[in-house]
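The values are calculated or read from the model by the stated rules, or taken from the named source; none is laboratory data. Values in this document were obtained by computation on a predicted structure and should not be read as measured data. Note: ideal-geometry Cβ built from the backbone for every residue, glycine included; neighbour counts use all protein chains shown. The area values use the complete protein model at the heavy-atom level, side chains included, leaving out ligands, DNA and RNA. Shrake-Rupley method; radii C 1.70, N 1.55, O 1.52, S 1.80 Å.
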Amino acid sequence: MTQTHTTQSRIKIYKTSPELFDAMMTLSAASAKDVDPELGELIKIRASQINRCAFCLDMHTRDARKMGVSEQKLDVLSAWTEAGDLFDETERAALALTEAVTVLGADGVPDDVYEDAAGVFSDRELGQVIAMIVTINAWNRINVAVHAEIPRR
């Protein structure tokens, strides 16, 4: 059976449950500590691409541009594994971990992906990156479920 959906917004969840929004903002701020802001935007954008969250993609690509992330990186982010050395070792480790945590397989996060990330991040940074990935996935799932509207500019 084919399911259809519209882009029409559903409930305004952050208005009906403002404590949810407050909790998510607190989690977002906590997870962003000690993560390079540009790397954080790449993580958020990649997870949002996978989860098809237009609201978050719109927000985080704008934020990334304001921070100076190159258009070229943003253009090829969905195919980062094919982009040669455009993404550095830290970015590649974070993006691989983002994909593994976002699309959990039957065996969870593969050991090699985790070990690569652990090799470029301190324990503190690794914990923060994992928390950021979990947080953007939560935002994505909420926004996709309620068809959060993209603000028109």
Report yes if E99 is open to solvent by 30 Å² or more (accessible area, probe 1.4 Å) and of a type outside the set (G, A, S), otherwise no. yes
When the stretch 43-92 is checked residue by residue, the ones that are open to solvent by 50 Å² or more (accessible area, probe 1.4 Å), outside any loop (DSSP other than H, G, I, E, B) and among the charged types (D, E, K, R) are R62, R65, K66, E71, D75, E82, D85, E89, R92
Quick check on my filter: what residues within the stretch 126-153 are outside any helix (DSSP H, G or I) and on the phi < 0 side of the Ramachandran plot? V146, A148, E149, I150, P151, R152, R153
Looking at the stretch 105-112, is at least one residue at positive phi and not acidic (D, E)? yes
Within the stretch 54-81, can you find the residues that are in contact with a Phe, Trp or Tyr (Cβ under 8 Å, 6 or more places away or on another chain) and under 18 Å from R153 (Cβ atoms)? C56
T61: under 14 Å from N137 (Cβ atoms) and either more than 12 Å from the chain's Cα centre (by Cα) or of a type in the set (S, T, N, Q) (or both), yes or no? no
Among the residues of the stretch 109-119, is there at least one that is assigned to a loop (DSSP other than H, G, I, E, B), farther than 18 Å from G40 by Cα, open to solvent by 50 Å² or more (accessible area, probe 1.4 Å) and among the hydrophobic types (A, V, I, L, M, F, W, C)? no
So how many residues does the stretch 13-42 have that are of a type in the set (S, T, Y) and open to solvent by less than 20 Å² (accessible area, probe 1.4 Å)? 1
Condition first: in contact with a helix residue (DSSP H, G or I) (Cβ under 7 Å, 6 or more places away or on another chain) and among the hydrophobic types (A, V, I, L, M, F, W, C). Now tell me which residues in the stretch 135-151 satisfy that. I136, A138, W139, I142, V144, V146, A148, I150
Taking the stretch 122-142 on its own, how many of its residues are buried (at least 17 other Cβ atoms within 10 Å of the Cβ) and of a type in the set (D, E)? 1
